[in-house]
Each structure stands twice: as C-alpha cells, then as structure tokens.
1. Leaving ligands and nucleic acids out of the surface, order 17, 157 by accessible area at 1.4 Å, largest first.
2. Below 15 angstrom from the Cβ of residue 99, what's the summed charge of the other residues (Lys, Arg +1; Asp, Glu -1)?
3. How much mean residue ellipticity at 222 nm does the chain get from its helices, if each DSSP H run of length 4 or more adds -39500 (n - 2.57) and you divide by all residues, to the nearest 500 deg cm²/dmol?
4. With bins 5 Å wide starting at 0, give me the P(r) of segment 103-189 over every alpha carbon pair, in whole percents.
5. For segment 144-200, place one equal point scatterer on every Cα, skip the solvent, and apply the Debye formula. What is log10 of I(q)/I(0) at q = 0.18, 0.28, 0.31 Å⁻¹?
6. Could you list which residues have their amide H under 5 Å from that of residue 88, counting only those 5 or more apart in sequence or on another chain, with H placed in the peptide plane?
7. Counting Lys +1, Arg +1, Asp -1, Glu -1, what net charge surrounds residue 158 among other residues with beta carbon under 14 Å of its beta carbon?
8. Order 214, 101, most accessible first, counting only protein heavy atoms with a 1.4 angstrom probe.
Amino acid sequence: MSKFENIAQCVLDGEFKKVKGLVNKAMEDGAKPMDIINEGLIGGMNLVTPLFKTGEMFVPEVMKSAKTMNIGMELLKEYIKEGDLVTKGVIITGTVKGDLHDIGKNLVGMMLESSGYTVIDLGTDIEPEDFLKAIEEQKPDIIGMSALLTTTMMNIKETIDFLEEKGVRNKVKIIVGGAPISQEFANQVGADGYGEDAAAAVELCDSLVSEKAHA
C-alpha cells in the first residue's frame, strides 16, 4: 500500500487516532499537502460514499470517517496556499425554526465538504431572517434546510415564502431533507430538490451546481 492508500484506508476505517501519524509521516517523506488531501483524505471519503449508499456502512461509521478526514485536513491547513483548495460551490445548511435535530444535517454537511464544497452550517432552530442574512452575506449557491418533526416541517415552507417575499429566492437553489420530508413535499413548498439521505444530497448538489454552470 502507498502512503496515500494507507491514509485513505484510515479514513474508510474511521481511525481518527491514527490519521495524524500517517499524515505527518507522509509530509516528512516529502508528499505534497494537496496530494495527501486529494489522494488520501478525500480519496478515503470517496470510498465511503458508495458503501453508505448501498447500506454497507451506517451513519455512525460514516461520521467517524468524516471526523478522521477533518482531523487530517486541520493538520494540513497551514501548508495549503490560498487558491489551492478550489471549492465546487458554497452551501449553507440549517435546521428550521423550532427544530433542534442536527445529526442528519451534520452528516450531509460532512459528506458535502468531503466532496469539495464549502459548507457553512447555521445550526438548529434557524429563523427565516437568519437564512436571509446568510444569503445576503455569504452569497451561497445552495441552501439546505432540514426538519425532523412533522410539527416543524411547515417552517420550511414559511422560510421559502419569506425568502420569496424578500426577493432573494431566485438567487439561490434550495434543497430540503429530514425524516418527514418527501419529494412531493419539496414540490409543494417550491424547493429545488430533495435528498433522502446524505449521499443523495451530494448527488443533488452536484446536479444543481452543474445546471447553474451551464445556464
């Protein structure tokens, strides 16, 4: 196994206590930081995604893999020149007003980051005004809204309607997700797409960003 394959396997296995040593050793051996990131850390997460999609890996394992990748990324940040890390797009995520659930949202964010997106997580219980402020300040390509409760899912509609009122709805793509959410609901509230799980959310974002690039 090459040094990069070892790092990728470490990410796949979620061995976050081991990744620092492997990354440091690769640096000592003269590997370029961007090669460690692309071939090792992101390479490992690229192995995770299809396994998660087919049900061979589960949420706790995927989160360990994402944590392992992020630990490695933190180590390398100081060695990366500005402009080396090219982002596929900026995505803002948040759980809507009244809802404090975040495991699914966090997993989606981790998978998106490992796929090359810049993710800005607003957190939970996010008011429509806070989504508006984030759109105006961050100029994202996509907003991801989640809700886990049937009692809060209509706050997704309230937020989208609010963004429409304020004249910013057409400036951003909106995707939605969470246990009670469906494609039918996404259509009803005027969202641009629905991801039933984190892997589907990444594919959806790739599709929306590609559409925007070719528009």
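The values are calculated or read from the model by the stated rules, or taken from the named source; none is laboratory data. Just so we're clear, the structure is a prediction, and the values are computed from it rather than from any experiment. Cβ coordinates were reconstructed from backbone atoms using ideal geometry, including for glycine residues, and neighbour counts include every protein chain displayed. Heads up: the accessible areas ignore ligands, DNA and RNA and are worked out on the full protein's heavy atoms, side chains in. Shrake-Rupley method; radii C 1.70, N 1.55, O 1.52, S 1.80 Å.
1. Reading off the accessible areas and sorting them downward yields 17, 157.
2. Local charge sum for residue 99: -3.
3. For the chain, the value works out to -16000 deg cm²/dmol.
4. The percentages, shortest bin first, are 3, 13, 27, 26, 21, 10, 1.
5. -0.54, -1.19, -1.36
6. 117, 118
7. Neighbourhood net charge equals -4.
8. Greatest to least solvent exposure: 214, 101.
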